[in-house]
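The values are calculated or read from the model by the stated rules, or taken from the named source; none is laboratory data. Predicted, not measured: the structure shown is a model, and the values here were computed from it. Note that each Cβ is placed from the backbone with ideal geometry, even for glycine, and that neighbours are counted across all protein chains shown.
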Amino acid sequence: MITMGPLLFLVGAQLPSTPDLGKAEGQCRPGEAGSSLLVEVIGLKDRRGRLKLELYPANDRDFLQDDNILLSAGKTFRRVEVDVPRTGPVELCIRAPSAGTFALSLLHDRDANRKFGLSVDGIGFSGNPKLGWSKPNAASASVHVGDGPTRVRIIVNYRKGLFSFGPIER
């Protein structure tokens, strides 16, 4: 006998990803007072393209997992996507489903093609882990969200040479 959980997981794995998944749930309301993250973005290479902020469960299996799979399994996934502001400080707000610990990723999609380009785009995570050639573990990219807005700073990293990623040195 097949239970609904695995069946939904298999159906979700077959669905094409859509850039709008998680946006309605992730969008902060004006004056957001609920569980959310106010993310200060530091170290942008330039002011072009889009920023994509995504909230995941804080475990290695689900961190950076396909959005369809997470949502089909009833797991947390939230997304906020905005144009990079031309001037001034950059701050994004993303709603969390509740207080708790979550993993957070930020993509500076400089060419606005909605995917990570190794030689073009920047990436950062809550906790600002040192980046290598593989994704960081969920624990190093996690943040605790309270009952109200929680402030966090993400430093964006870009490819530096052939073998490393790091912040832009100014």
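General remarks:
- Checking each residue in the range 91-116 for being in contact with a Cys (Cβ under 7 Å, 6 or more places away or on another chain) and either charged (D, E, K, R) or outside any strand (DSSP E or B) (or both) picks out only Arg95.
- Residue in the range 70-86 that is exposed (fewer than 13 other Cβ atoms within 10 Å of the Cβ), of a type in the set (Val, Ile, Thr) and either out of contact with any strand residue (DSSP E or B) (no Cβ under 9 Å at 6 or more places or on another chain) or in a helix (DSSP H, G or I) (or both) present: no
- Residue check, Ser134 under 17 Å from the mean Cα position of the chain (by Cα), modelled with pLDDT under 95 and farther than 25 Å from Gly26 by Cβ: yes
- Filtering the range 40-58 to residues that are buried (at least 16 other Cβ atoms within 10 Å of the Cβ) and within 14 Å of the chain's Cα centre (by Cα) leaves Val41, Arg50, Leu51, Lys52, Leu53, Glu54, Leu55, Tyr56, Pro57, Ala58.
- Selection from the range 111-135 of residues that are charged (D, E, K, R) and either out of contact with any Asp or Glu (no Cβ under 8 Å at 6 or more places or on another chain) or buried (at least 20 other Cβ atoms within 10 Å of the Cβ) (or both): Arg114, Asp121, Lys130, Lys135
- Inspection of the range 117-124 identifies at least one residue that is more than 21 Å from Ser36 (Cβ to Cβ), part of a loop (DSSP other than H, G, I, E, B), under 16 Å from the mean Cα position of the chain (by Cα) and without any contact (Cβ under 8 Å) to a residue 24 or more places away in the chain.
- If you filter the range 136-170 down to residues that are small (Gly, Ala, Ser) and part of a strand (DSSP E or B), you find that the one that is surrounded by the fewest Cβ atoms within 10 Å (Cβ to Cβ) is Ser164.
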